[in-house]
Structures are given as C-alpha cells and as structure tokens.
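Taking it in order: structure first as structure tokens, then the write-up.
Any read-out appearing in this document is the output of simple, stated calculations on the displayed coordinates, not a laboratory observation. Note that the coordinates shown come from a computational prediction; the quantities given were computed from them, not determined experimentally. Here the Cβ positions follow ideal geometry from the backbone for every residue, glycine too, while neighbour counts run over all protein chains shown.
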Amino acid sequence: EAQVTQNPRYLITVTGKKLTVTCSQNMNHEYMSWYRQDPGLGLRQIYYSMNVEVTDKGDVPEGYKVSRKEKRNFPLILESPSPNQTSLYFCASSFFGQGANSPLHFGNGTRLTVT
Amino acid sequence: QQQVKQSPQSLIVQKGGISIINCAYENTAFDYFPWYQQFPGKGPALLIAIRPDVSEKKEGRFTISFNKSAKQFSLHIMDSQPGDSATYFCAASIANSGYALNFGKGTSLLVTP
C-alpha cells in the first residue's frame, strides 16, 4: 500500500530534550516536506526536500532540523524542544513539487506536546 | 503573509444542503488550485483540483468554481452528508515548479443529520 508513515503518532516530552520524528514513504517520491498544523493557523511548512541531500527552509523553520540521506526517509529533528513547538506535525511527499500530476500525500500526523 | 485567504473558518450545514467554502489569492502566477480534505486523526488528502484554464470542475458532489479575474475560487459540496464533516483546506501554487503549496487556514465543516 502506497503510504507515508510517521512515527510516533503521539509524543510527550520535556523542554530541551532532543527528539526525532521519523517519516518514510514507499512511493519513490522525490519531494518530501514537513508541516505543522495549529488551530486557527492552518498548515505551515517547516522544511522541504526536493531530493536526496537537498533541503530548504519553509515558512517556520526556526527550532527544527531535517536531513535527507535516503530518498524514502525525511526525519524531523527538534534539538531543544520548547512549549511553543507543541503542535500536530505532518510529513508529506509527492513526485515533484505540487503540480497537477503530483498531489501531496500526507502521513497521519504526530501530535507533539512539550511541557 | 497569508497568500491564500479562506473563509469561513467554520460552517454548519444541514444534511442535503449545499456547503460553500471560499478562497482568495493574490499571486497571479499561481496556476494550480487544489482542495484537501482532512478527517479527524488523519492527514489531509487531495479532494479535487483545478487549473485556471477552466472556470469549473466537478467530481461527483464536489465542484470547484474559479474566477480568474477576481482571483477567487470556491468549493461547493452539493447534497452535503454527515460523512462530509471534515476540515477543508484550499491551496495554491505554481504547478510543477517545486514551490510549496500555499494553504488557506482551513474550514471546519459539520453536516448535521
């Protein structure tokens, strides 16, 4: 089954404790991206990757890191989480960008709480 | 700066009614306008999309209307059903450019029985 898999689904952590949210896709997509979803703010892009070893900042990159060492994986790293990073996070992928023949496929989300 | 403005933020419609969600954009370079549907506990999923060379696209009960001169587009859900209750996001981008989708803030739709 074609899918984007995120882990964990739920995560509660404390301020300053480094964490990684994993994302893997099995569709051979070149493009991958991370979003955060907050009430009233919609979906905001954190980082994206056009291909292996190519990453770039989205709209809200502060406090996050990513890496793209393999085509299928795109982990999101919070080196020193803070309470304002409490949010619902989504990983997404597509063949290339978000064109008419390349819809974004989203994972089922990771709900992160930072206390 | 929000490049795509979506309204209303929430919407309650009776079963069988028409749900209408509106979006407006500023960047005239945008040429791809998708709508995503998100159910609780799930990620958004592409529902329907339109290119600006047509003014309307229909897929089943879902229709996108596009007004290029006004820089507006809307989603109409005909004969709304309780199973349509979800959050809907409009978006805009430059197709196949690799640039990010610019999402609206979302509309929470509740269809009552």
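To the nearest 20 debye, what charge dipole does chain B have about its Cα centre, counting +1 at the Cβ of each Lys and Arg and -1 at the Cβ of each Asp and Glu? Numbers along the way, then the final one.
Values: 10 positive and 7 negative charges, 22 e Å.
Here the size comes out at about 100 debye.
Multiply the residue gap between A:Ala2 and A:Glu79 by 0.36 nm, knock off their C-alpha separation, and tell me the result in nm, one decimal place. The partial results should precede the final answer.
Details: separation 77, 0.36 × 77 = 27.72 nm, distance 3.04 nm.
Here the segment from A:Ala2 to A:Glu79 would lengthen by 24.7 nm.
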With the dipole of segment B:1-83 worked out from charges on the C-beta (+1 for Lys and Arg, -1 for Asp and Glu) around the Cα centre, which of B:Gly83, B:Tyr32, B:Ala70 lies farthest toward the positive end? B:Gly83
How high is the relative contact order of chain B, in percent, with contacts defined as C-alpha pairs under 8 Å that are six or more residues apart? 37
In nm, the gap between the two label points placed 7 Å beyond Cα toward Cβ at A:Val52 and B:Lys58 is 4.7
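Cβ under 14 Å from A:Glu70's Cβ, A:Glu70 left aside: what net charge do those residues give with Lys, Arg +1 and Asp, Glu -1? Display every interim value, and only then the final one.
Values: positive: A:Arg68, A:Lys69, A:Lys71, A:Arg72; negative: A:Glu30, A:Glu53.
Residues near A:Glu70 contribute +2 overall.
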Calculate the mean, over all residues of peptide A:34-40, of how many other protein chain Cβ atoms lie within 10 angstrom of the residue's Cβ. 3
Shielding of A:46-59 by partners, i.e. mean partner chain Cβ atoms within 10 Å per residue? 1
Anisotropy class of segment A:42-115 from Cα gyration tensor, a/c 1.5 cut: prolate
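I need the GluC sites (Glu not before Pro) found in segment A:9-83, filtered to DSSP loop residues with at most 16 other beta carbons within 10 Å of theirs. Walk me through the intermediate numbers first.
On the way: sites: A:Glu30, A:Glu53, A:Glu62, A:Glu70, A:Glu79; in loops: A:Glu30, A:Glu53, A:Glu62, A:Glu70, A:Glu79.
Listed in order of number, the matching sites are A:Glu53, A:Glu62, A:Glu70, A:Glu79.
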Taking a virtual spin label 7 Å from the Cα of B:Gln81 along the C-beta vector, which residues in segment B:32-61 bring their backbone nitrogen under 14 Å of it? B:60-61
Charge tally in the Cβ shell below 15 Å around A:Thr113, where Lys, Arg are +1 and Asp, Glu are -1, A:Thr113 excluded: +3
Classified through the alpha carbon gyration tensor (a ≥ b ≥ c as square roots of its eigenvalues; rounded if a/c is under 1.5, else prolate when a/b is larger than b/c, else oblate), chain B comes out prolate
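Inside 10 Å of the C-beta atoms of B:41-52, what's the mean count of C-beta atoms belonging to other chains?
Partner Cβ neighbours, averaged per residue: 4.
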Rounded if a/c under 1.5, otherwise prolate or oblate - the protein assembly as shown, Cα gyration tensor axes: prolate
